1. Search segment 29-59 for residues being small (G, A, S) and assigned to a helix (DSSP H, G or I), and hand back the single one that is most open to solvent (accessible area, probe 1.4 Å).
2. Can you go through E65, E76, E109, E102 and tell me which one is open to solvent by 20 Å² or more (accessible area, probe 1.4 Å) and within 19 Å of F20 (Cβ to Cβ)?
3. How many residues are over 51 Å from the mean Cα position of the chain (by Cα), at pLDDT below 95 and among the hydroxyl-bearing types (S, T, Y) if we restrict to segment 1-51?
4. Does R99 satisfy the condition of being assigned to a helix (DSSP H, G or I) and farther than 15 Å from A137 by Cα?
5. Check off (1) of a type in the set (A, V, I, L, M, F, W, C); (2) open to solvent by less than 50 Å² (accessible area, probe 1.4 Å); (3) in contact (Cβ under 8 Å) with a residue 12 or more places away in the chain for L70 and give me the number that stays unchecked.
6. Exactly one of (1) under 26 Å from the mean Cα position of the chain (by Cα); (2) among the aliphatic types (A, V, I, L, M); (3) at pLDDT below 85; (4) closer than 23 Å to L12 by Cβ is unmet by L68. Its number?
7. Identify, by number, the condition in (1) open to solvent by 100 Å² or more (accessible area, probe 1.4 Å); (2) more than 60 Å from the chain's Cα centre (by Cα) that L215 doesn't meet.
8. Inspect all residues belonging to segment 109-117 and state whether any of them is assigned to a helix (DSSP H, G or I) and closer than 17 Å to E73 by Cβ.
Amino acid sequence: MAPRLTDIARELYSVPLPEFVSARNARAAGTSDLELAAQIRTMKKPSVAAWIVNVFAQERASQLEEALQLAGELREAQEDLDARALAQLGRDRRALTNRLAEAAAELAETRGERVTASTRGAVQQTIAAAFFDPAAAAAVASGRLLRELEPSGDYEGDPDALVGGGPPEASEVAAAPRDEVKVRRERREAERALRAAEQSRERAVRDAASADRSLRAATLRVEELDRRERELDAELVAVRRDATRARTSLEEAHAEQESRARAVDDAEEAVAHARRGVEDRPAD
């Protein structure tokens, strides 16, 4: 079976950059299909950053595919995240981008390419663009990228400007099966429901513990007041008994006082009578 244009393009876009033009022309010259040969000759030389990404996409395809698949899932998930979770997602995405860009640069260096700091930055930005934009992801995964990409770019309109050898095919786009995405989305929803239920349970446990503490405090308070009430009841009985005795003693004291007062009156009257008797008698 005759090779397809996309297959030829993948081969050419991973050869060492200094050899690209000669390899492209030789491949065109060796192709009997004149139309195909003409298409090969129109292939543009990729930029250094694009070439590094192409080599990585072809030699580390499974690693890149896994990262792009994860990025697609994160794009779906971020709609349901709060500000704090989104910030963590951004940090995780940047860390993954840095790791992939570093791995791509190291792979290029093993192929003899000198990778400058600016080129590393361009590779990193290109991978980041693939994380944010599905069209950019398809271009990166194709292994036929022509130029570096920007995360803020819009790449839906002109795929021929991004890759050589024709637009990316559906099979080149890393994507999880629809059923798998659905399962993961349902799992995320179930995990959110679980977290909400756990938080409700924790609140209920805290409220129950608080109610238990309040119940214990109220029970101790009632027991203390009951004890105090019993003490006061006993004290009241004693006070009433003492008051009854005191009233009896008071009555007795009143009676005694009245009796003594009468005795005094009687004595006073006797003295007065005796004095009159003395006064009535003449002196000797």
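1. So the residue we want is A29.
2. From the options E65, E76, E109, E102, the qualifying one is E109.
3. 3
4. When the stated conditions are applied, R99 passes them.
5. (2)
6. Failed condition: (3).
7. Going through the list (1) open to solvent by 100 Å² or more (accessible area, probe 1.4 Å); (2) more than 60 Å from the chain's Cα centre (by Cα), L215 breaks only (2).
8. No, segment 109-117 has no match at all.
The values are calculated or read from the model by the stated rules, or taken from the named source; none is laboratory data. It should be emphasised that the depicted structure is a prediction, and the values quoted were computed from it without experimental measurement. Heads up, the Cβs are rebuilt from the backbone with ideal geometry, glycines too, and the neighbour counts pull from every protein chain shown. Note: areas computed on protein heavy atoms with side chains; ligands, DNA, RNA excluded. Shrake-Rupley method; radii C 1.70, N 1.55, O 1.52, S 1.80 Å.
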